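The block underneath contains the structure these notes are about, expressed in structure tokens.
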Amino acid sequence: MLNLEYKIGGLKINPNKLPFNGSDPYDASHHFVTRALDSYVEIYVAEAETHFQVVNIFNLNEMKDNIAGGGSFYLNENNELVLDDYSGDYDAISKKAAQSFAELILPEIEKLGVC
């Protein structure tokens, strides 16, 4: 898995709901799940209350066995993009994977007007 490639599978982000200053990341407006396929991993982010909803939004139900983790997605009080927390159903992703996905997604949310 040394040459694992990170890809965006789908983004349905509401830029107005990205900021989160609460104490429990699960309460953030956006959640993500990741899906592992062969030599790459995809991330799917959506405004949703649960990770199951993210799976449903992107019609990933038939590939649920490939879901490799999930968590919360938000801007913290320092306006930094955070991929954090975990999914009780799909577990967590590594900090390295979170960093790789954040670097990949950052230009996409900047296109939405998020600085």
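Of note:
- Hey, N56 at positive phi and either surrounded by fewer than 20 Cβ atoms within 10 Å (Cβ to Cβ) or assigned to a loop (DSSP other than H, G, I, E, B) (or both) or not: no
- Any hit, segment 94-115, residues being part of a strand (DSSP E or B), surrounded by 14 or more Cβ atoms within 10 Å (Cβ to Cβ) and of a type outside the set (V, I, T): no
- For the residues Y74, Y40, the requirement of being buried (at least 22 other Cβ atoms within 10 Å of the Cβ), under 17 Å from L104 (Cα atoms), touching a strand residue (DSSP E or B) at 6+ places or on another chain (Cβ under 7 Å) and not charged (D, E, K, R) singles out Y74.
- Those residues of segment 49-86 which are modelled with pLDDT of 95 or more and of a type in the set (S, T, Y), in sequence order: T50, S72, Y74
- Candidates in segment 64-89 are the residues that are under 12 Å from the mean Cα position of the chain (by Cα) and in a loop (DSSP other than H, G, I, E, B); of these, the one that is farthest from A28 (Cα to Cα) is Y86.
- Filtered residues of segment 1-29 (kept if closer than 13 Å to I109 by Cα and not in a loop (DSSP other than H, G, I, E, B)): I8, G10, L11, K12, P15, N16, K17, P19
- Subset tally (residues that are aromatic (F, W, Y), within 17 Å of L81 (Cα to Cα) and modelled with pLDDT under 95) for segment 1-48: 1
- Neighbours by Cβ (under 6 Å, 6+ apart or cross-chain): first from segment 12-29, in contact (Cβ under 8 Å) with a residue 40 or more places away in the chain and closer than 17 Å to H51 by Cα; second of a type in the set (D, E, K, R) and surrounded by 13 or more Cβ atoms within 10 Å (Cβ to Cβ): P25/D84; P25/D85; Y26/D85; S29/K17; S29/E47
- S100 being without any contact (Cβ under 8 Å) to a residue 40 or more places away in the chain and of a type in the set (S, T, N, Q): no
The values are calculated or read from the model by the stated rules, or taken from the named source; none is laboratory data. Note that the coordinates shown come from a computational prediction; the quantities given were computed from them, not determined experimentally. Cβ coordinates were reconstructed from backbone atoms using ideal geometry, including for glycine residues, and neighbour counts include every protein chain displayed.
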